[in-house]
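Here the structure is laid out as structure tokens; the discussion comes afterwards.
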Amino acid sequence: MVDRVPHDFASPGVLRWGLVGSFISGGQTIYGETQERRTDGGGAWQASFQSIPILTTADARAWEAMMLRFHLGDTKVIVPRCAGRMKADFSRPAAFVPHSDETPFSDEMPYASALLAGSLSSDISLRATIATIVLEPGYALVGGESFTMTGPKYGDRLYGVASVLSQSGGVATVRFGPPAREAYAAGTVVDFADPRCVMRAQLADGADWGDYDTAWHASTSIVFRETFR
């Protein structure tokens with residue numbers, strides 16, 4: 001069973017997502033430039049949740065329960081990227097929809113709709129960094145959007161649009177990162193509404209639990225890292 005960190009568990013004061021990895025250095029050239037190359041296949045996602053408030057008995061029990069699940073070996077967890085303003089903004093300008101007498105609502109509020117997901121128009125291979133995504137006509141990507149694709153081997157994996165190479169008629173070809181964790185078939189859902197990733201708690205590697213004073217309002221922290229176990 002894969003657990004999931006709930007959106008409403010806590011509102012951390014600091015939430016940082018980033019790609020971490022390793023490099024190998026070939027030393028300096030005569031011009032003083034250091035030659036470096038990645039050795040990690042594009043890096044792994046790391047999410048740092050800091051200043052998580054533990055304000056009530058319910059908060060404390062929820063935190064203790066989560067730590068027990070992670071610490072006792074059930075360490076694989078789906079972590080949502082609460083991207084806020086970085087989420088894809090697909091709100092289409094809405095048109096008035098008249099009633100039977102050809103009038104809009106009295107407050108002149110129009111109907112609106114938003115795209116939650118796209119799909120791959122063709123297969124992409126392991127370590128691919130370019131994909132063609134089918135969107136509804138009228139929608140567009142601008143770059144920087146987070147999304148998730150779910151594969152049969154590694155489950156939910158988080159990616160981001162690095163740049164839009166071309167876009168027309170509801171089809172966008174994008175460069176994304178990190179490189180594809182596995183091959184994905186045409187038709188795979190590209191989920192912009194709920195970007196998320198399978199990760200593990202760093203606490204599961206032997207680090208101490210985040211300390212907090214149970215007698216007072218307190219805060220704690222936790223770090224998750226993408227896992228391929």
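Do we have any residue at all in region 189-209 that's of a type in the set (K, R) and modelled with pLDDT of 90 or more? The answer is yes; a qualifying residue exists.
Looking across region 175-186, the residues that are part of a loop (DSSP other than H, G, I, E, B) and either under 16 Å from G42 (Cα atoms) or free of Cβ contacts under 8 Å to residues at least 60 places away in the same chain (or both) come down to P178, P179, A180, R181, E182, A183.
Results for (1) among the hydrophobic types (A, V, I, L, M, F, W, C); (2) closer than 20 Å to D3 by Cβ; (3) touching a residue at least 60 places away in the same chain (Cβ under 8 Å), shown as yes or no for each residue.
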{"residue": "V142", "(1), (2), (3)": "yes, no, no"}
{"residue": "M149", "(1), (2), (3)": "yes, no, no"}
{"residue": "Y154", "(1), (2), (3)": "no, yes, yes"}
{"residue": "Q167", "(1), (2), (3)": "no, no, no"}
{"residue": "T173", "(1), (2), (3)": "no, no, no"}
{"residue": "T188", "(1), (2), (3)": "no, no, yes"}
{"residue": "D191", "(1), (2), (3)": "no, yes, yes"}
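On the stretch given as region 147-171, residues that are closer than 22 Å to S125 by Cβ and touching a Gly at 6+ places or on another chain (Cβ under 8 Å) total 8.
The values are calculated or read from the model by the stated rules, or taken from the named source; none is laboratory data. What you see is a predicted model, and the numbers here were worked out from it, not measured in a lab. Note that we place each Cβ from the backbone using ideal geometry, even for glycine, and neighbour counts take in every protein chain shown.
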